[in-house]
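Reading through the structure tokens given below for one structure.
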Amino acid sequence: MCGAIFDVPHYREQLRILEKEIAQPDFWSNQEKAQSVLRERKRAEDQIAAEARLDSLTGDIETYIHLAHEETNRNLPEHVRLAHDGLKLEFEIA
């Protein structure tokens, strides 16, 4: 959904590569580089988590909108609901 912003496939691939690098026996031989790699890993994990949170929030909002729409339709007089549904159908077909 938000691939343009978060580019999750890129971050997943980056995370896979970084995890492989971290698993190397000599990973900690260069402390400065190791810390840099761990920061990159954290950034990738944060981006993946942010996208997951955004997807979850988007789903919640869509559900709320759907429920609000159903509630609004339930409270409308029948002739208004039919007119609304007719217009909706007309624009979906066109």
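When the stretch 47-94 is filtered for residues that are under 22 Å from the mean Cα position of the chain (by Cα) and either at pLDDT below 80 or exposed (fewer than 12 other Cβ atoms within 10 Å of the Cβ) (or both), the ones remaining, listed by number, are Arg53, Ser56, Leu57, Gly59, Asp60, Ile61, Glu62, Thr63, Tyr64, Ile65, His66, Leu67. Can Glu40 be described as surrounded by 13 or more Cβ atoms within 10 Å (Cβ to Cβ), of a type in the set (Asp, Glu) and at pLDDT 95 or above? In short, yes. Residues in the stretch 21-46 that are of a type in the set (A, V, I, L, M, F, W, C) and not in a loop (DSSP other than H, G, I, E, B): Ile22, Phe27, Trp28, Ala34, Val37, Leu38, Ala44.
Per-residue answers, yes or no, for (1) in contact with a helix residue (DSSP H, G or I) (Cβ under 9 Å, 6 or more places away or on another chain); (2) of a type in the set (S, T, N, Q):
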{"position": "Arg16", "(1), (2)": "no, no"}
{"position": "Lys20", "(1), (2)": "no, no"}
{"position": "Asp26", "(1), (2)": "no, no"}
{"position": "Ser29", "(1), (2)": "no, yes"}
{"position": "Arg39", "(1), (2)": "no, no"}
{"position": "Arg43", "(1), (2)": "yes, no"}
{"position": "Ala49", "(1), (2)": "no, no"}
{"position": "Ala52", "(1), (2)": "yes, no"}
{"position": "Gly59", "(1), (2)": "no, no"}
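The values are calculated or read from the model by the stated rules, or taken from the named source; none is laboratory data. Everything numeric here is computed off the predicted structure, so don't read it as measured data. Reconstructed Cβ throughout: ideal geometry from the backbone, glycine too, with neighbour counts over all protein chains shown.
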